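Visitor: Pasting a structure here, questions to come.
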Amino acid sequence: MTIELVPRPASMTVNSGDPFQLDDGTVLVATGPAADAAWLLHDLLRAGTGLRLPVTDTAPATGAIEFTLTGEPPAEWTTAREAYRLEITATGVRIGAAAPAGLIQAVHTLRQLLPVDTLRSVAVARAPFPLPALVIEDEPRFAWRGLMLDVARHFLPKESVLRIIDLAALHHLNVLHFHLTDDQGWRLPVPGWPKLTEISSWRTETAIGHALAKAGYDGTPHGGYYTADDLREIVAYAGYRGMTVVPEIDLPGHVRSVLAAYPELGNTGERKPVATTFGIFSEVLAPSDEALRFCRDVFDTVADIFPANFVHIGGDECPRTEWRDSPFAQEKAAELGLAGPEMLQSWFTRQYADHLAGHGRSIIGWDEILDGGAPADAVVMVWRDFAIAAKAIEKGHRVIVAPVQAAYLDYYPSDLPEEPLHIHNQITLEDIADFEPVPDGADESSLLGVQSQLWSEYLPTSRAVEYALFPRLAASAELAWSTPQVRRDHPLLERIPGHLKRLDALGVNYRPLDGPHPW
Ligand code: TNX
């Protein structure tokens, strides 16, 4: 029997013994904090197997799937926290981990070990379902294995976000980086700033590029936002599956949607509509008390809704033109003792970091936050150039690599002309499968992790989003989880056809291996 897990575990020994037969006599055994993982397995198996496996605290002699916590839980954002051991024999299944997070990762492995039909939305196959006799000892290569979803360029309904979380978790990803704000839309209600949901969340066109307009997505208003309770639900749904939601509020650039509602926060006072095109806009926040009050209110709301210890403050693509041209910004820079208005971005970054520190949170920013210096504990998300990663590490920052070379799933998956609309360049499944995320000469331990990006300028529907994500996300997940040695010994591309059967059962609109299907 070939076992085609994606990502491939650190170590797997398949035994010749009989498989474990999962059926209506199977019992999930767990106590205390281990019980959440047992209930997760109960919930995830219920639809596709038709079984309602009981969760109890006493193990029968045979037929148990036992969840055990062993030893002291390792610190947050360590790989040991998600390590687990899974042993399957004909008489029972034993899962051990130091932390509940490890037990959850074992659950996702079990989902992949079961027959593919158990992933369907209703039971089409009947128990018993065999689980192969084996021992897996597993631990991720990186503590942060992220997927960035851009719900600002095109709003994704809550149900679609939950589905993507479910699919990402199945691949052992553990962070949803939620890009909630941008020039083209704002998706978060903030008390005291009602026009963010009345005005900033909407634009007059669905299309935000000529190509998309040509494809017929033009002239229809587009928008939406999540309520605070929607966001809490997304956080809880992700957390149950082992994923942390890290919100991004992109400041002080990428704020056209904010300024459409509150032009007084900008440098010119001019009111322009929420952007209906994309690119880098010159409009940025003014270094004013009122703009700072806005930022603080936004981050207070974010800290209230999202329990993650990190908040992403954006910081990318922030032109200095308006600050250079504005007498107010020039004076402010002088008053603050800055070398010039160029330095205002790093001043903003420090203001956010200090404010969020009051909430016990650390900041993450796109690599531009290094210009002018970033607070020492800021995590730098490197996207533009791998050399920047080395520079950030040298300055003592922890780094997440999210490089345009291999981690932009909004790029074309091939150069074939029938490929549906994507943006800019091309990143194939093979490119990702071959990618080594640790920059040359960098110490692996300074990398918090790796992350894939799904910018959505050209992705107006959930189907388009799934096509861009899969199967490339499986390759991204593998480079985040599996060691270079394991990846060399077990080439991913050999496991992908088997893995696509899982995506078929899950109804994922993935890009087929044999070519585009843009229909
Ligand atoms: C660059 S990556 C951006 C985004 C775009 C993306 C398109 C980054 C921090 N900024 O605003 O959506 O390119 O690929």
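The values are calculated or read from the model by the stated rules, or taken from the named source; none is laboratory data. Source: prediction; values computed, not measured. With ideal geometry, Cβ positions are generated from the backbone for all residues, glycine too; neighbour counts draw on all protein chains shown.
Visitor: Given the options Gln451, Gln426, name the one that is within 16 Å of the ligand (Cβ to nearest atom), touching a His at 6+ places or on another chain (Cβ under 8 Å) and closer than 26 Å to Asp385 by Cβ.
Guide: Gln451
Visitor: Which one is farthest from the ligand (Cβ to nearest atom), of the residues in segment 363-385 that are within 23 Å of the chain's Cα centre (by Cα) and surrounded by fewer than 17 Cβ atoms within 10 Å (Cβ to Cβ)?
Guide: Asp377
Visitor: Mind checking which pairs have a first residue in segment 384-407 that is more than 11 Å from Asp367 (Cα to Cα) and without any contact (Cβ under 8 Å) to a residue 24 or more places away in the chain and a second that is within 12 Å of the ligand (Cβ to nearest atom) and part of a loop (DSSP other than H, G, I, E, B), Cβ under 8 Å, 6 or more apart or different chains?
Guide: Val404/Trp383; Val404/Arg384
Visitor: Continuing with the same structure: Could you say whether any residue in segment 93-101 is touching a residue at least 60 places away in the same chain (Cβ under 8 Å), in a helix (DSSP H, G or I) and either surrounded by fewer than 21 Cβ atoms within 10 Å (Cβ to Cβ) or in contact with an Asp or Glu (Cβ under 7 Å, 6 or more places away or on another chain) (or both)?
Guide: yes
Visitor: In this structure, does Ser346 turn out to be within 22 Å of the chain's Cα centre (by Cα), in a helix (DSSP H, G or I) and either crowded, with 16+ Cβ neighbours inside 10 Å or not hydrophobic (A, V, I, L, M, F, W, C) (or both)?
Guide: When the stated conditions are applied, Ser346 does not pass them.
Visitor: Then there's this: Just one of Gly269, Gly279, Gly224 is assigned by TED's automatic domain parsing to the domain that holds Asp182 and surrounded by 15 or more Cβ atoms within 10 Å (Cβ to Cβ); which is it? Reasoning before the result, please.
Guide: Working: Gly269 fails: surrounded by 15 or more Cβ atoms within 10 Å (Cβ to Cβ); Gly279 fails: surrounded by 15 or more Cβ atoms within 10 Å (Cβ to Cβ).
The conditions single out Gly224.
Visitor: Something else about it: Condition (residue is within 25 Å of Ala333 (Cβ to Cβ) and either surrounded by 15 or more Cβ atoms within 10 Å (Cβ to Cβ) or not aromatic (Phe, Trp, Tyr) (or both)) applied to segment 299-308: is it met by at least one residue?
Guide: Yes: one or more hits.
Visitor: Going through Leu473, Leu513, Leu493 one at a time, which residue ends up being at pLDDT 95 or above and either farther than 30 Å from Ala83 by Cβ or in a loop (DSSP other than H, G, I, E, B) (or both)?
Guide: Leu513
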